[in-house]
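The structure under discussion appears below in the form of structure tokens.
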Amino acid sequence: MQLQTRSTGVELRWDVALRDLDNALPQLDADGNRELTWGEVRAAWPALVAHAQAHLKIPGCPLQPAGEPALEQRSDGAYAALRFTAACAPPQGLPLEYRLFAGVDASHRGIARITHPDGRVEVRVLDPGADPAAASAPAGDAAPSAATGSFVREGVLHILTGYDHLLFLLCLLLPAVLQRTPQGWRPVASARQALAPVAATVTLFTLAHSLTLALAALGHASLPPTVVEPAIAATIAVAAVDNLRGLFGRWRGAVTFLFGLVHGFGFAGVLHEVDLPTLDFGWALLRFNIGLELGQLAIVALVVPLLFLARRRGGYERWVLHGGSATAIGVALLWFVERTTGIGLLPV
């Protein structure tokens, strides 16, 4: 979302993925064949615009549709390019009541680049459940160019609700409280022995994840979601098979780093399109990445002590390590099929 505000009005360019609009507006796919055509989109355009208009409000400053129907093709599919204007002085701080997809996808967020009348540029994460007044920017020269805590918070939520990332991390952690010997798996004798591989695993995954996140956000590297999402599912399956068969041996750290590179692509590509000034962009990206790692550390702090306490129980290797890894393989394969065919097989 790109908002240009002036003392006399507001201009808005809002790009929304057609795949998301299709979930919210069943009439968009008129023939129900799961393939949207330009004819279907054009016919449903008034309903599409009305839906968007009803779910974005600037208090005291009503938005009106502008421009002709248009689509924007991006690496992850086609987007409806919506335009709105408001012929009024924008309220102080520009509070936005954003409710798009609030009843369809609780994890959905919008990203807005706002140019204020004084020339300040702000990037804002739009949460359908947030208080619009709390999300507005303070006035004056001291106003930050990015909402103070929003990107950290969204980074935490991104990892906690990213079930594929969590499952991959869990696959890496399951064997951390065991040692592989010629006689098979044996429990580690002390917490220190468990913490060393955990620290190495988390550090490698974090470095790799952060590297490609930054490169993708800065536009130096990119992969389309049609490649990244199935690849993430494949990394989960391979990591789980390694728990069962010991594929990588002393190369496990290198493979963890390689797979972390794959997981790093995603959110930052959207930040790149928001086109912030370099310093503001880097600050927003850093906050989001800090949030990612805080969420990841919270999971590690919760899971590893439980695994350590359970490691000596007779069923740990069979039920936790082997059973958990086998389950992860099954889920990853279903995700892989979903992400290569577009057929929904799982509820998440």
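Within region 29-40, track down each residue that is open to solvent by less than 100 Å² (accessible area, probe 1.4 Å), in a loop (DSSP other than H, G, I, E, B) and under 16 Å from A78 (Cα atoms).
D29, L36, T37, listed by residue number.
List the pairs whose first member sits in region 45-68 and is under 13 Å from L21 (Cβ atoms), whose second member is surrounded by fewer than 17 Cβ atoms within 10 Å (Cβ to Cβ) and of a type in the set (D, E), and whose Cβ atoms are under 7 Å apart, counting only residues at least 6 apart or on separate chains?
none
Quick check: is even one residue across region 58-67 touching a Lys or Arg at 6+ places or on another chain (Cβ under 7 Å) and of a type in the set (A, V, I, L, M, F, W, C)?
Looking for residues that are touching a Lys or Arg at 6+ places or on another chain (Cβ under 7 Å) and of a type in the set (A, V, I, L, M, F, W, C), one finds at least one in region 58-67, hence yes.
If I ask for residues that are open to solvent by 40 Å² or more (accessible area, probe 1.4 Å), among the hydrophobic types (A, V, I, L, M, F, W, C) and within 29 Å of the chain's Cα centre (by Cα), which ones from region 41-66 would you list?
A50, A54
Out of all the residues in region 1-23, which are under 18 Å from E97 (Cα atoms), among the hydrophobic types (A, V, I, L, M, F, W, C) and under 20 Å from the mean Cα position of the chain (by Cα)?
The answer is M1, W14, V16.
Answer yes if at least one residue in region 21-28 is modelled with pLDDT under 95, in a strand (DSSP E or B) and touching a helix residue (DSSP H, G or I) at 6+ places or on another chain (Cβ under 9 Å), and no otherwise.
Scanning region 21-28 turns up no residue that is modelled with pLDDT under 95, in a strand (DSSP E or B) and touching a helix residue (DSSP H, G or I) at 6+ places or on another chain (Cβ under 9 Å).
Among the residues of region 29-69, which ones are of a type in the set (G, A, S) and within 30 Å of G93 (Cβ to Cβ)? Step through it out loud before you land on a result.
Just the residues of region 29-69 that are of a type in the set (G, A, S), to begin with: 30, 32, 39, 43-44, 47, 50, 52, 54, 60, 66-67.
Listed by number, the residues that qualify are A50, A52, A54, G60, A66, G67.
I'd like to know if region 74-86 contains one or more residues that are exposed (fewer than 13 other Cβ atoms within 10 Å of the Cβ) and modelled with pLDDT under 95.
Step one: of region 74-86, the residues exposed (fewer than 13 other Cβ atoms within 10 Å of the Cβ) are 75.
Checking which are modelled with pLDDT under 95 leaves us with 75.
Yes, there is a match, as at least one residue in region 74-86 is exposed (fewer than 13 other Cβ atoms within 10 Å of the Cβ) and modelled with pLDDT under 95.
Considering only residues that are open to solvent by less than 50 Å² (accessible area, probe 1.4 Å) and touching a residue at least 40 places away in the same chain (Cβ under 8 Å), look in region 174-183 and name the one that is farthest from L297 (Cα to Cα). First the steps, then the outcome.
Filtering region 174-183 down to residues open to solvent by less than 50 Å² (accessible area, probe 1.4 Å) leaves 174-178, 181.
From what's left, touching a residue at least 40 places away in the same chain (Cβ under 8 Å): 174-178.
Values: L174: 15, P175: 17, A176: 15, V177: 17, L178: 20 Å.
Per the criteria, the residue is L178.
Among P95, P69, P62, which is the only one that is within 12 Å of E11 (Cα to Cα) and assigned to a loop (DSSP other than H, G, I, E, B)? Don't jump to the end; show me each part of the working.
Working: P95 fails: within 12 Å of E11 (Cα to Cα); P69 fails: within 12 Å of E11 (Cα to Cα).
Only one candidate passes the filter, namely P62.
Report, by residue number, each residue of region 91-100 that is in contact with a strand residue (DSSP E or B) (Cβ under 9 Å, 6 or more places away or on another chain) and either farther than 24 Å from T5 by Cβ or open to solvent by 60 Å² or more (accessible area, probe 1.4 Å) (or both).
Result: E97, R99.
Sort out which residues of region 10-20 are modelled with pLDDT of 90 or more and either at positive phi or open to solvent by 50 Å² or more (accessible area, probe 1.4 Å) (or both), and write them in order of number.
E11, R13
Name the one entry in A284, A328, A301, A310 that is closer than 30 Å to R153 by Cα and in contact with a Phe, Trp or Tyr (Cβ under 6 Å, 6 or more places away or on another chain).
Within the list A284, A328, A301, A310, the selection yields A284.
When both residues are 6+ apart or on different chains and their Cβ atoms are under 7 Å apart, which pairs have a first residue that lies in region 214-230 and is at negative phi, and a second that is of a type in the set (F, W, Y) and crowded, with 17+ Cβ neighbours inside 10 Å?
Short answer, once both residue conditions are applied: A216/F265; L223/F265; V228/F265; P230/F336.
The values are calculated or read from the model by the stated rules, or taken from the named source; none is laboratory data. Note that the coordinates shown come from a computational prediction; the quantities given were computed from them, not determined experimentally. Glycine gets a Cβ as well: all are built from the backbone with ideal geometry, and neighbour counts include every protein chain shown. When the accessible area is computed, the model is the full protein with side chains, heavy atoms only, and any ligands, DNA or RNA have been set aside. Shrake-Rupley method; radii C 1.70, N 1.55, O 1.52, S 1.80 Å.
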